[in-house]
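The values are calculated or read from the model by the stated rules, or taken from the named source; none is laboratory data. None of the values given here were measured: they were computed from a predicted structure. We place every Cβ from the backbone using ideal geometry, glycine too, and count neighbours over all the protein chains shown. Note: areas computed on protein heavy atoms with side chains; ligands, DNA, RNA excluded. Shrake-Rupley method; radii C 1.70, N 1.55, O 1.52, S 1.80 Å.
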Amino acid sequence: EGFPRNMFRRGVSTPPRSQGRVHQWQQAHPPVPRAARLRFENATSPAVSQRCLPLRLSDAPPIRFHVLVLGANRLKMLRATILSVLYALPPRETKLTIHVDLPLTDARNILVDDTEPERPPPELISCHTISSGERSIRATVVSHQRHMGTRRMWLNALSLSTPHLVLEDDVQLLPGADLWYLYALRAFASDSRIVAASFQKQTLVNQHGYAGKRERPWPPVTWSLPYLYPLPGSHGFLISPLHVDSFRAFVATRKPSALLLDGLTTTEWYKSFAKAGLTSERMWTQEMVGYMYSRLAGQRSTLYPPRGTAFAVHCATAHAKDEMAKECNDFQYEQSTYEQRSQSMTSTGWINASSAHAQLKLTELDGAARCLPSSRPNRTCVSNAPFAASRALPTLGLTKWPQAHSFAAKAVPETAERRRQQGGRGGGQIARSMLKRRQAP
């Protein structure tokens, strides 16, 4: 008595018997909202040569959104990802495909002949109507009968003739993702420099060699407007149809040295995976980094949303762990929540630009998150622009300015006091040295 009725349905452990701890247990395991429950119905198994056909009415709108979800054995995370797709995108206009990998430790791997590793592995295809509340979508589920690995699944997904928004099973779409998807398609058509669009907030400063490195604030304009940056953001990734064939050719013909780019954080990660023998399993992103850096700076980049307005979020606490991050547990899968944010975003000028390149000159950054020469005439692109001037930029609902400024302001007097006690430099010297680093070219 007093426990959530659906607790066994959710797979949680039995609550403590002590009545004094019942309230605490209920707070830690709140009931799942009715709208957040998934149902899988009308399952069919078509022939291998056949794909699932959506249940479409004569007056159904055309398909505008293609989504591919990559999963393995994280059931809780996969459920949340599917829910976010169901609520963030219009189901009647969305084609959903789910690829499920066979874990490396599954005994069924031994039943498959590995003498031809590049041969397409066998697949089992099933069709399902997935519903939650009043929303439903027809999905094609592809179950691989041999272990593929994250890298191979990603490269296969990016080689499809019809580009898909690719989501791993630990990523959830946020309200407004449909608007960003359509904006990206317009940007692809008008700007061939854009290799792909990412749906996440980017925080990694990939290129080394500048004072301050990752602590250096990004150009203020990136907080309120879309921008170009030569780094793939895999938490929601949509490749441009103009680059599908050339990227596939690059992966097939490139030399090993094409991925060993000096001065990049992702190269250090790649080398670590190579040392552990994991590059055939992971780090597909370095293939995309190599592809972007195979041309001069500014010729190939990823389109990112404003850093104050992400459209996807990474929810896993650790790699391959089926445990939701705390900030993702509070998601309310209610249609009104998604509609309200989407409606508020339609008032922003850039999201409705008929041609992303014609209506808005996208800011171009290099690998160190600094503006390329073509973008420097715009004062808001200068990374050391005065804070007071940059505050006037629109923030799309961002209520707090990036913490880097307040952190620096707090760090100067604290460091100065510590240096005085140690007989070192005074506060004026420290402030001048920090200012000099911020003004360095």
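Selection of region 178-193 for residues being among the small types (Gly, Ala, Ser) and either open to solvent by less than 10 Å² (accessible area, probe 1.4 Å) or assigned to a helix (DSSP H, G or I) (or both) yields Ala184, Ala187, Ala189, Ser190. The sole residue among Arg152, Arg193, Arg138, Arg146 that is at pLDDT below 95 and farther than 30 Å from Leu124 by Cβ is Arg193.
The residues of region 248-297 that are crowded, with 16+ Cβ neighbours inside 10 Å, touching a Lys or Arg at 6+ places or on another chain (Cβ under 7 Å) and assigned to a loop (DSSP other than H, G, I, E, B), listed by number, are Glu281, Arg282, Met283, Trp284.
Within region 169-177, is even one residue modelled with pLDDT under 95 and part of a helix (DSSP H, G or I)? Yes, that holds for at least one residue.
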